[in-house]
Structures are given as structure tokens and as C-alpha cells.
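Q: Mind looking over this structure? Questions follow.
The values are calculated or read from the model by the stated rules, or taken from the named source; none is laboratory data. All values reported here derive from a predicted model rather than from experimental measurement. Glycine gets a Cβ as well: all are built from the backbone with ideal geometry, and neighbour counts include every protein chain shown. What goes into the accessible areas is simple: the full protein's heavy atoms, side chains included, and nothing from ligands, DNA or RNA. Shrake-Rupley method; radii C 1.70, N 1.55, O 1.52, S 1.80 Å.
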Amino acid sequence: MVLSDVTVAAVLAERKQLICTHTVSAAASVECAVSEMNTHHIGCVLIKKGIRAVGIFTERDVLTRVICAHRDPLRTRVSEVMTRGFISISINTLVESAFELMVRRRLRHLPVRSEGKIITVVSAGDITNWLFRVHKYEAENLMQYILTDYPH
């Protein structure tokens, strides 16, 4: 496998759930969004208005726009503190490109589109774990090759 040819689809294929996007309504409270994140052990939720995703709400948003701003999570609407104009990638985006984008823009979560619709969110952890497994497999294969006796 040539790493530069691998798409995000390969990373998602190894996850337990390929198609899984947790959402909350733009009118929901921050407390509701955080509860959803805690329930599912995830770091973000997409914010929807009707059927359209209008933002993303992340752990970083909770810290910077709610806690540090001394806002009441029960009374603050998630639409007031979400990240608008979020970046998303295609399921066909190369892993290398997605990782580079996450590092350059300091993103931990990237919504993933397929056929124009957001189908899931890939995290920096998903990509890092996938890269670790690929590099470990490659290292083991190289060690086996080096240590194998050359046939006479």
C-alpha cells in the first residue's frame, strides 16, 4: 500500500461505525449538546437547522466560548457558540491531505461528505491511530525481511 494513495474511506472502514454523525438542533442548549457528546464519548456534534448542518460544536467551543466567557450552559443556545462555516472533507480526500489540514488549521474533527451529504466526522485520533497501525505493520514487515535468511 502506498500511503500517498489512501483515502479517508480506508480510515473510516476500520472504525466500528462508518456512518455515524451525532447532531443537535441549533435551538438546543449547550447543556444538551454537551450531554450528547458525553453520552456517546465524542468530541463534537454537528448543529442542524432543519436538515441542513449549520455548524459544528466541539469541546474547544465549550471551553473558549462557554466556560471562559462565563455563559450559563442551560440558557445558552448552541447556535450562539458553535463554529460556523466549518471545514469538511470528501470521503475521497487523501489521508495525507486530511492530516495536513488538521495540523495546519489545528482541527481535531473534520466532517466527511459523500455524495454531497455529511456522513460522519473523522477525528485526529482516528487518523493518528490508523497511521500508527499502518507504520507498525510496515516496520514489522521490514524487520521480517531484514531478519529472513537469504536463500543459497
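Q: Check Val45 against each of (1) more than 23 Å from Gly116 (Cβ to Cβ); (2) not in a loop (DSSP other than H, G, I, E, B) and name the one condition it does not meet.
A: Among (1) more than 23 Å from Gly116 (Cβ to Cβ); (2) not in a loop (DSSP other than H, G, I, E, B), Val45 violates only (1).
Q: From the list Arg65, Arg84, Arg52, exactly one residue is open to solvent by 70 Å² or more (accessible area, probe 1.4 Å), within 30 Å of Ser29 (Cα to Cα) and touching a helix residue (DSSP H, G or I) at 6+ places or on another chain (Cβ under 7 Å). Which is it?
A: Arg65
Q: Evaluate the following for Val95: is it within 27 Å of Ser29 (Cβ to Cβ), among the β-branched types (Val, Ile, Thr), in contact with a strand residue (DSSP E or B) (Cβ under 9 Å, 6 or more places away or on another chain) and touching a residue at least 24 places away in the same chain (Cβ under 8 Å)?
A: Against the criterion (within 27 Å of Ser29 (Cβ to Cβ), among the β-branched types (Val, Ile, Thr), in contact with a strand residue (DSSP E or B) (Cβ under 9 Å, 6 or more places away or on another chain) and touching a residue at least 24 places away in the same chain (Cβ under 8 Å)), Val95 does not qualify.
Q: Does Glu100 qualify as being part of a helix (DSSP H, G or I) and under 20 Å from Ala28 (Cβ atoms)?
A: no
Q: Please go through region 116-152 and pick out each residue that is in a helix (DSSP H, G or I), at pLDDT 80 or above and of a type in the set (S, T, N, Q).
A: Thr128, Asn129
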